[in-house]
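Below is one structure, written out as structure tokens, with a few remarks after it.
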Amino acid sequence: MKLSELIVNMPYLVETRGDMNTKVTAITSNSRDVVTDGLFFCISGARFDAHKFAPQAIENGCIALVVERFLELDVPQILVSSGRAAMARMAAAFYGNPAEKMKLIGITGTKGKTTTSYMVKAICEQAGYKCGLIGTTGNMIGERRVKSNLTTPDPIDLQQTLAEMAAEGVQVVSMEVSAHAIDMHRLDGMQFEVGCYTNLSQDHLDYFHTMEQYFETKKRFFTGSMVQNAAINTDDDTADSILQDLNVPHVTFGICNESDLFARDIEISENGVSFEMQLQGMHPIAVQMKMTGMFNVYNALAAASCAMTLGISADDIKLGLESVKSVPGRIEMLETKTPYRVFLDYSHSPDALENILKTVREFCRGRVILLFGCGGDRDQGKRPIMGSIGGRLADLCILTSDNPRTEDPMKILAAIEEGIKPTGKPYTVIENRRDAIRHALTIARESDIVILAGKGHETYQEIMGVKRPFDEKVVVKELLEEMKNQ
């Protein structure tokens, strides 16, 4: 594709140098990628400036650059006002604007994005659509899984994935939309048939610094001309702020506050949750889900709101929701064949941890044993808060490493201890996560529930910048086998 074709109607274009009839056959933002006739995006970030790596990119096959300042290099250059935003637009153009060939459903919020996206996919497939999924646990084209490293991929990977989906006949894409992706312009230029807002609670303050900035970023998804219709959780305290500035058709959902779509007669058990879902003025729909927890009622309402906006029938919504057995790493009960149960959950924020503990507490007949930690190089303020929640709601806590990244894991655990000590609940500190899980399995008795929180679907542990294999499903299986043979 010619460079001139990539910059047609591109709002961030400032100036060009060199031959814009130059043809490129690849695009990249990684100077280490070996390409043929590539276009390299020089992105300026908080930690590095890719302009410095432009010579390396040229050595590896790039023949043109997108820059935020001209460089003394003898290749065609496209000067833009925002490298990230320009990359999103140009990546879409390079792959033939695949998003325009499908209906996109974007789900944003602190919690519930992953589960809601799976529910949306199940409902759409029940209605006869071929559906794709993009999110934290990886991407899916129908039932085929495609790995991804980010909740919302970078623009080049995202557009390549969407192009692959379009080529395989995908009609609807259920997609998690992270606040980081909004702030970094990864979705610039894309249009979503429906945007869904689940909730807001403390997370990612290492990046956004304040809850206000975190919220305003998510709000821009709905007020910045990216969504054509919206679904909003009215039970969240921040909903009114979005609704008052919303200029697109929308549906509201909730349990406590008045909303268009609501649930009543909710019954929660260890085997799932049942409820009646009702749209104002319509007959109620009885739903019996295989996933448990009040938060999954909210997720179901969110998914149903999106589906109704697409015109999907009540019967297909009901059958789609009831077909979802589990979502990787989300209150997932492992097959342990033990007199106690082991749940895997991705809860790594205060609100998510409180939700899983309250849910399990409702049906646990023994002790709730909680194993958790906090990620390194991330929001430090939530560490004592999570310690306090664990102490209040679990019978016993085991503090251990999550992804310490470049931080000293013992300092992270000490911060969690600050919150748990005042609760007076018993706890133990075992930094090595495998040893900690072994301890949890060793002390668990009949009717107890062990919750392994924080890692969820992840299959690695990041220590000193190195991702090491660590799949808790595998670890639990191995430890139980070792204990049985002792």
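The values are calculated or read from the model by the stated rules, or taken from the named source; none is laboratory data. Just so you know, these numbers come straight off a predicted model, no measurement behind them. Methodologically, a virtual Cβ is constructed for each residue, glycine included, from the backbone with ideal geometry; neighbour enumeration extends over all protein chains shown. Just so you know, the surface numbers come from the protein's heavy atoms only, side chains and all, with ligands and any DNA or RNA stripped out. Shrake-Rupley method; radii C 1.70, N 1.55, O 1.52, S 1.80 Å.
Could you work out how far the C-alpha centroid of segment 220-252 sits from that of segment 437-486, in angstrom?
When both Cα centres are located, 40 Å separates them.
Towards the positive end of the charge dipole of the chain, with charges on Cβ (+1 Lys, Arg; -1 Asp, Glu), say which of Leu104, Thr115, Phe363 has the farthest Cα.
Farthest towards the positive pole: Phe363.
For the chain, what is the accessible area per residue in Å², given a 1.4 Å probe and the full set of protein chains?
42
For the chain, which longest stretch is free of loop sites, where a loop site is one of the GluC sites (Glu not before Pro) that DSSP puts outside H, G, I, E and B and that has at most 16 other Cβ atoms within 10 Å?
It runs 336-430.
On the accessible surface of the chain, probed at 1.4 Å, how many percent belong to carbon and sulfur atoms?
So the carbon and sulfur contribution to the accessible surface is 47 percent.
With N set to the residue count of segment 188-293, report its C-alpha Rg divided by 2.2 N^0.38 Å to two decimal places. Kindly include the intermediate steps, with their values, before the conclusion.
Numbers: Rg = 15.9 Å, N = 106, 2.2 N^0.38 = 12.9 Å.
The value comes to 1.23.
About the Cα centre of segment 343-428, how large is the charge dipole given +1 on each Lys and Arg Cβ and -1 on each Asp and Glu Cβ? Please answer in debye to the nearest 20.
In total the dipole reaches around 300 debye.
Just to check I understand the Karplus step: with θ = phi - 60° and J = 6.51 cos²θ - 1.76 cosθ + 1.60, what whole-Hz values come out for segment 272-280, glycine and proline as x?
Computed from phi, the couplings for segment 272-280 are x, 9, 10, 6, 9, 9, 9, 8, 3 Hz.
If you project the alpha carbons of segment 337-412 onto their three principal axes, what span does each projection cover, largest first, in Å?
Principal extents (largest minus smallest coordinate, Cα): 38, 25, 18 Å.
As I understand it, the dipole of the chain uses +1 on the Cβ of Lys and Arg and -1 on the Cβ of Asp and Glu, about the Cα centre. Which of Gln191, Thr238, Phe343 lies farthest toward its positive end?
Highest projection toward the positive end goes to Phe343.
At a probe size of 1.4 Å, how large is the accessible area of Asp157, to the nearest 10 Å²?
Around 70 Å² of this residue is reachable by solvent.
Could you check what % of the DSSP bridge pairs in the chain are antiparallel, to the nearest 5?
40
If you place +1 on the Cβ of every Lys and Arg and -1 on the Cβ of every Asp and Glu, how big does the dipole about the Cα centre of segment 300-351 come out, in debye to the nearest 20? Kindly include the intermediate steps, with their values, before the conclusion.
On the way: 5 positive and 7 negative charges, 34 e Å.
It comes to approximately 160 debye.
Sort Ser447, Ser81 from largest to smallest accessible area, using a 1.4 Å probe on the heavy atoms of the protein chains.
Ser81, Ser447
Across the chain, where is the longest run that never hits trypsin sites (Lys or Arg not before Pro) in a DSSP loop with at most 15 other C-beta atoms within 10 Å? Can you show the working numbers first?
Working: sites that count: Arg32, Arg47, Arg69, Lys130, Lys147, Lys290, Lys325, Lys337, Arg365, Arg445.
My reading of the result: 148-289 is the longest stretch.
Using protein chains only and a probe of 1.4 angstrom, how many square angstrom of Leu13 are accessible, to the nearest 10?
Using a 1.4 Å probe on the heavy atoms, I get roughly 70 Å².
Within segment 7-74, list the chymotrypsin sites (Phe, Trp or Tyr not before Pro) lying in a DSSP loop whose Cβ has at most 12 other Cβ atoms in a 10 Å radius.
Phe48
Per residue of the chain, what 222 nm ellipticity follows from adding -39500 (n - 2.57) for every DSSP H run with n ≥ 4, rounded to the nearest 500?
Calculated from helices alone, the mean residue ellipticity at 222 nm is -10000 deg cm²/dmol.
Heavy-atom accessible area of Tyr346 with all protein chains present, probe 1.4 Å, nearest 10 Å²?
Accessible surface of Tyr346 is approximately 50 Å².
Rounded if a/c is under 1.5, else prolate if a/b is larger than b/c, else oblate: which is segment 1-151, with a ≥ b ≥ c the root eigenvalues of its Cα gyration tensor?
The shape class here is prolate.
With θ taken as phi - 60° and the coefficients 6.51, -1.76 and 1.60, list the Karplus ³J(HN,Hα) couplings across segment 247-262 in order, rounded to whole Hz; mark glycine and proline as x.
10, 10, x, 8, 10, 10, 9, x, 10, 8, 8, 4, 8, 5, 10, 9
How large is the dipole of the chain about the Cα centre if only Lys and Arg carry +1 and Asp and Glu carry -1, each at its Cβ, rounded to the nearest 20 debye?
Working: 51 positive and 64 negative charges, 174 e Å.
Dipole of the chain, to the nearest 20 debye: 840 debye.
Using θ = phi - 60° and the Karplus relation 6.51 cos²θ - 1.76 cosθ + 1.60, list the HN-Hα couplings for segment 183-193 in order, rounded to whole Hz, with x at every Gly or Pro.
Per residue, the Karplus-derived 3J(HN,Hα) values read 5, 8, 6, 5, 9, 3, x, 8, 10, 9, 4 Hz.
As I understand it, the dipole of the chain uses +1 on the Cβ of Lys and Arg and -1 on the Cβ of Asp and Glu, about the Cα centre. Which of Leu71, Ala394, Ala444 lies farthest toward its positive end?
Ala444
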